[in-house]
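A.B. asks: First, the structure itself, so that you have it in front of you.
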Amino acid sequence: MEAGIFVDTTTVLSVTGLHKRYGDVQAVDGVWFDVKRREIVGLLGPNGAGKTTTISMILGVLEPTSGSVRIEGIDLASRRSQALERTNFAAVYTPLPGNLTVMQNLRIFGMIYGVPKLAERIETLLQQFDLEPFRDTKCGVLSSGEQTRVSLAKAMLNSPNLLLLDEPTASLDPSAARDIRARIRGFADQGSCGVLWTSHNMYEVEEVCDRVLFLSHGKILLEGDPKTLPGEHGKENLEDLFILVAREPLALERQ
Amino acid sequence: MRMHRTAAIVLRQFYLLRGSPARILPLFAWVAIDMVLWGFITRYLNSVTTAGFNFVPAFLGAVLLWDFFIRVMQGITTAFFEDVWSRNFLNFFATPLAISEYVSGLVLSSIFTGVVGLAVMILLATVVFGLSFAAYGILVIPFLGVLFLFGIALGVCATAIVLRFGPAAEWFIWPIPALISPFAGVFYPISTLPVWMQAISRALPPAYVFESLRAILAHGTVSPSALAASGGLAILDVVLAGWFFSRIYRHAVRTGLIARYSAETLS
């Protein structure tokens, strides 16, 4: 923190006792965590650990069996629209409609989020994400990397206070991925936004996240600084720790 | 309810229509074909039957009103299918967009597509086949209103069915108007039907519209109670359809169907 400058690090996302059960399957089994402003939190875990289920519940497209989600103190269950006005997301599995152009998609989602001075905001984002040459190109004909940049531009439209990113760099080449990480890091550092980020790229997580949560079988097994956490559990790096979580979660649960 | 969100849904449909002849053509092509077909049928019937009964307002007018209802219904379902086909549910439903705003956007889109179809039908029916709306008088407005409301109700119900049963359930939706038409009495009095079918007809607002249409042509009068019943039923159907969609949506959110819609079921 710079001397004399107040940095707002209040909680932007508060997840309390979240459970989700599908029949006999407990997909999420009691998850508690917070995300603060200017903080990037990595939600990590093997496939099927409950990461996307947790993100779906935070986005209001999946109702928890029990527990609550509060975004800037607003209860998602009872005031969904107000809570989601301050939120946005990008996920590798939700490209924007391919039969509309980049401009058209950004305009439609900008209207949904009620973005003021929308035309200006879109121009800024087209520049920031190097999308100007594609403004009138249909999203369906863009490369997967370009589509990811459009999704991220959409996710920034309303300058969200909570940004959910589900494997945002999964389809990007290393150079583009580094660039995107730097932009999102910069966005979190400058604004009042907290970011919840899932990724299977442990190098990326170590570079960009302030804190990580390891999820396995719907529970948070570990939480901490990605740079020091591996050492605390006798592992050399985050990838080794990830593999331990994936293969021997019970060993960690006993710790 | 925020109008800018509803406007975004309408704008999306406008963009899709503007750039696509495959979407623009069906707005008027099928109804135009219907007008031409039934225009010649009524001309032929007028030429082979005894003078005094004009089939043009009885049949061609009825087909025009029926096609208007179909256009309104399909205006809603087609707008909804655009989000099914482009897998857009998660993008939309993870935003502040409320269900009422989304459905209102579909309804407003269907008003536009319904009016385009209606204009083409009126042009063909009046200019080419001499249909005169003077035969129905001012009552054509409440007739259109009732059919419009029923089209909305059925369109919203149909989208709820596709939301519940997945993209393949689209197959159920297209034949719905054909399934209803025998009960609606588009071409014949409801009294022609067996008693059990008449009972179903009494629950359908279009049946009152077409009965009233024939009553006006036959003796120039219409039962105010029948008109009121059709209006009341149509409004009730819209309310029930909204409730039904809302329930299906809540079910989809509770079970995770919205998040995994392409899977169709969660089993």
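A.B. asks: Please verify whether the stretch B:3-16 includes one or more residues that are touching a Lys or Arg at 6+ places or on another chain (Cβ under 7 Å) and within 25 Å of B:Leu124 (Cβ to Cβ).
C.D. replies: No, the conditions are met nowhere in the stretch B:3-16.
A.B. asks: What pairs come up if the first residue lies in the stretch A:23-46 and is over 23 Å from A:Arg181 (Cα atoms), the second is surrounded by fewer than 18 Cβ atoms within 10 Å (Cβ to Cβ) and of a type in the set (S, T, N, Q), and their beta carbons are under 7 Å apart, counting only those six or more places apart or on different chains?
C.D. replies: Filtered contacts from the stretch A:23-46: A:Trp32/A:Thr16.
Matching residues to (1) away from chain B (no Cβ under 11 Å); (2) of a type in the set (Asp, Glu); (3) farther than 22 Å from A:Asn201 by Cα:
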site	(1), (2), (3)
A:Thr16	yes, no, yes
A:Gln26	yes, no, yes
A:Phe33	yes, no, no
A:Leu44	yes, no, no
A:Asn47	yes, no, no
A:Thr53	no, no, no
A:Met57	no, no, yes
A:Gly67	yes, no, yes
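A.B. asks: Name the pairs: first residue in the stretch B:33-57 and among the small types (Gly, Ala, Ser), second residue part of a loop (DSSP other than H, G, I, E, B) and crowded, with 19+ Cβ neighbours inside 10 Å, Cβ to Cβ under 9 Å, at least 6 apart or on different chains?
C.D. replies: So the pair list comes out as B:Gly39/B:Leu131.
A.B. asks: Having 3 or more residues that are farther than 29 Å from B:Pro224 by Cα and not hydrophobic (A, V, I, L, M, F, W, C) is the bar; report the helices (runs of 4 or more DSSP H) wholly within the stretch B:87-176 that clear it. Break it down stepwise before answering.
C.D. replies: On the way: elements: B:89-93, B:99-123, B:140-165, B:170-173.
In the stretch B:87-176, the matching helices (runs of 4 or more DSSP H) lie at B:99-123.
A.B. asks: In the stretch B:162-178, how many are free of Cβ contacts under 8 Å to residues at least 40 places away in the same chain and either more than 13 Å from the chain's Cα centre (by Cα) or crowded, with 16+ Cβ neighbours inside 10 Å (or both)?
C.D. replies: Selection size over the stretch B:162-178: 3.
A.B. asks: Might you let me know whether the stretch A:75-92 holds any residue that is in a strand (DSSP E or B), of a type in the set (Val, Ile, Thr), facing another protein chain (nearest Cβ under 10 Å) and more than 20 Å from B:Tyr102 (Cβ to Cβ)?
C.D. replies: Applying the first criterion (in a strand (DSSP E or B)) to the stretch A:75-92 yields A:75, A:87-91.
Checking the rest, the ones that are also of a type in the set (Val, Ile, Thr) come to A:87.
Those left that are additionally facing another protein chain (nearest Cβ under 10 Å): A:87.
Those left that are additionally more than 20 Å from B:Tyr102 (Cβ to Cβ): none.
For the stretch A:75-92, residues in a strand (DSSP E or B), of a type in the set (Val, Ile, Thr), facing another protein chain (nearest Cβ under 10 Å) and more than 20 Å from B:Tyr102 (Cβ to Cβ): absent.
A.B. asks: Quick one: is B:Arg164 under 23 Å from B:Ile141 (Cα atoms), of a type in the set (Lys, Arg) and at pLDDT below 95?
C.D. replies: So B:Arg164 fails the test.
A.B. asks: Any chance the stretch B:45-61 includes a residue that's within 14 Å of chain A (Cβ to nearest Cβ), of a type in the set (Val, Ile, Thr) and farther than 26 Å from B:Pro205 by Cα? Explain how you work it out, then say what you get.
C.D. replies: Going through the stretch B:45-61, the residues within 14 Å of chain A (Cβ to nearest Cβ) turn out to be none.
The answer is no, given that none of the residues of the stretch B:45-61 is within 14 Å of chain A (Cβ to nearest Cβ), of a type in the set (Val, Ile, Thr) and farther than 26 Å from B:Pro205 by Cα.
A.B. asks: Return the total of residues in the stretch A:108-130 being of a type in the set (Lys, Arg) and under 22 Å from the mean Cα position of the chain (by Cα).
C.D. replies: First, the residues of the stretch A:108-130 that are of a type in the set (Lys, Arg): A:117, A:121.
Among the residues that remain, those that are also under 22 Å from the mean Cα position of the chain (by Cα) are: A:121.
Counting residues in the stretch A:108-130 that are of a type in the set (Lys, Arg) and under 22 Å from the mean Cα position of the chain (by Cα) gives 1.
A.B. asks: Inspect all residues belonging to the stretch A:77-85 and state whether any of them is in contact with a Lys or Arg (Cβ under 7 Å, 6 or more places away or on another chain) and not hydroxyl-bearing (Ser, Thr, Tyr).
C.D. replies: First, the residues of the stretch A:77-85 that are in contact with a Lys or Arg (Cβ under 7 Å, 6 or more places away or on another chain): none.
Checked against the condition, which is being in contact with a Lys or Arg (Cβ under 7 Å, 6 or more places away or on another chain) and not hydroxyl-bearing (Ser, Thr, Tyr), the stretch A:77-85 yields no hits at all.
A.B. asks: Please work out which residue is farthest from the other protein chains (Cβ to nearest Cβ), limiting yourself to the stretch A:100-125 and to residues that are out of contact with any helix residue (DSSP H, G or I) (no Cβ under 6 Å at 6 or more places or on another chain) and in a loop (DSSP other than H, G, I, E, B).
C.D. replies: A:Lys117
Residue-wise test of (1) hydrophobic (A, V, I, L, M, F, W, C); (2) outside any loop (DSSP other than H, G, I, E, B).
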site	(1), (2)
A:Leu13	yes, yes
A:His19	no, yes
A:Ala27	yes, yes
A:Val31	yes, yes
A:Val35	yes, yes
A:Leu43	yes, yes
A:Pro46	no, no
A:Ala49	yes, no
A:Thr52	no, yes
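The values are calculated or read from the model by the stated rules, or taken from the named source; none is laboratory data. Source: prediction; values computed, not measured. Backbone-built Cβ (ideal geometry, glycine too); neighbour counts: all protein chains shown.
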